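As structure tokens, the structure follows; a few thoughts come after it.
The values are calculated or read from the model by the stated rules, or taken from the named source; none is laboratory data. If you're wondering where the values come from, they're calculated on a predicted model, not measured in any experiment. Cβ sites come from the backbone with ideal geometry, for glycine too, and all protein chains shown count toward neighbours. Ligands, DNA and RNA are stripped out before the accessible areas are found, and what is left, the full protein with its side chains, is counted by its heavy atoms. Shrake-Rupley method; radii C 1.70, N 1.55, O 1.52, S 1.80 Å.
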Amino acid sequence: MILKTARDLIGKRGIDAVSMREIAQSARIQIGSLYQYFPGKNSLLLAIMREYYDRINEGTKTLLESVRNAEEFESLGEKALIQFAEFFQKDPALANLWAGARAVPELITEDNLDTHRNAELIVKTGLRCLPGLKENDLRPFALYTCHTMGTLVRFANELDSQQGKAVLEECRQILRLRLKSLVDLSKSRRRKK
């Protein structure tokens with residue numbers, strides 16, 4: 001109940017405009033009870049973001065589990081981008097939380113951990129689907145993709161609809177080109193063997 005109340009308030013007004021006292025009042029609990037669960041606002045924000053990160057990771061995992069070959073891996077970028085953009089657009093609190101996340105050290109650390117966790121899923125999928133590639137061929141791509149995709153989706157959400165769609169289309173094209181280059185590298189190395 002506390003997390004839902006905090007998400008709703010932050011979604012409407014932003015991180016800085018919402019106080020712990022207001023969250024407690026809206027959740028109809030004593031401020032002392034709120035502090036028993038969350039010793040400070042940053043710990044509350046971290047709990048909310050971890051829920052989002054877990055949902056994003058589960059979505060990524062589900063998407064990647066079905067990928068079995070190079071062609072599917074190549075088309076993955078578009079599906080992932082669409083899925084993530086839709087997830088982000090459905091929840092106004094997420095935009096406000098992410099906007100404020102770069103100012104909270106605990107949230108920066110958690111964001112980086114989430115990037116690594118999702119990148120690991122991409123690396124494992126790439127190794128399964130692209131024989132001939134090594135982990136060090138895939139890891140920089142996976143880290144870059146996981147981290148920048150979030151940034152681009154957030155930015156596109158802040159633009160007017162037409163510009164936002166154009167930014168996401170550009171991101172999709174870049175992902176498609178990079179995935180194609182990884183598929184080509186895998187094929188090239190297999191031919192050499």
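What to note about this one:
- As for the stretch 59-67, it holds no residue that is open to solvent by less than 20 Å² (accessible area, probe 1.4 Å) and over 27 Å from VAL183 (Cα atoms).
- Applying a threshold of 7 Å to beta carbon distances and a minimum spacing of six or more residues, or different chains, the list of pairs starting in the stretch 126-139 at a residue that is in contact (Cβ under 8 Å) with a residue 60 or more places away in the chain and ending at one that is open to solvent by less than 70 Å² (accessible area, probe 1.4 Å) and of a type in the set (Gly, Ala, Ser) reads CYS129/ALA70; LEU130/ALA70; LEU130/SER186; GLY132/SER186.
- Selection status of ASP114, in a helix (DSSP H, G or I) and crowded, with 20+ Cβ neighbours inside 10 Å: yes
- Selection of the stretch 158-171 for residues being surrounded by fewer than 19 Cβ atoms within 10 Å (Cβ to Cβ) and part of a helix (DSSP H, G or I) yields GLU158, SER161, GLN162, GLN163, GLY164, LYS165, ALA166, VAL167, GLU169, GLU170.
- Members of the stretch 68-94 found to be open to solvent by 20 Å² or more (accessible area, probe 1.4 Å) and within 21 Å of ARG178 (Cβ to Cβ), listed by number: ARG68, ASN69, GLU71, GLU72, GLU74, SER75, GLU78, LYS79, ALA80, ILE82, GLN83, PHE84
The rows are residues; the columns are (1) within 30 Å of GLU120 (Cα to Cα); (2) touching a residue at least 12 places away in the same chain (Cβ under 8 Å); (3) open to solvent by 50 Å² or more (accessible area, probe 1.4 Å); (4) not acidic (Asp, Glu).
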site: GLY14; (1), (2), (3), (4): no, yes, no, yes
site: LEU34; (1), (2), (3), (4): no, yes, no, yes
site: ALA47; (1), (2), (3), (4): yes, yes, no, yes
site: TYR52; (1), (2), (3), (4): yes, yes, no, yes
site: ARG55; (1), (2), (3), (4): yes, yes, yes, yes
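- Of all residues making up the stretch 1-12, the number that are buried (at least 16 other Cβ atoms within 10 Å of the Cβ) and either of a type in the set (Ser, Thr, Tyr) or without any contact (Cβ under 8 Å) to a residue 12 or more places away in the chain (or both): 1
- Pair list, Cβ < 7 Å and 6+ apart or interchain, from the stretch 160-186 residues that are touching a residue at least 24 places away in the same chain (Cβ under 8 Å) to residues that are open to solvent by less than 70 Å² (accessible area, probe 1.4 Å) and of a type in the set (Val, Ile, Thr): LEU175/THR145
- Qualifying residue in the stretch 122-145 (condition: among the small types (Gly, Ala, Ser), at pLDDT below 95, farther than 15 Å from ALA70 by Cα and over 19 Å from the mean Cα position of the chain (by Cα)): no
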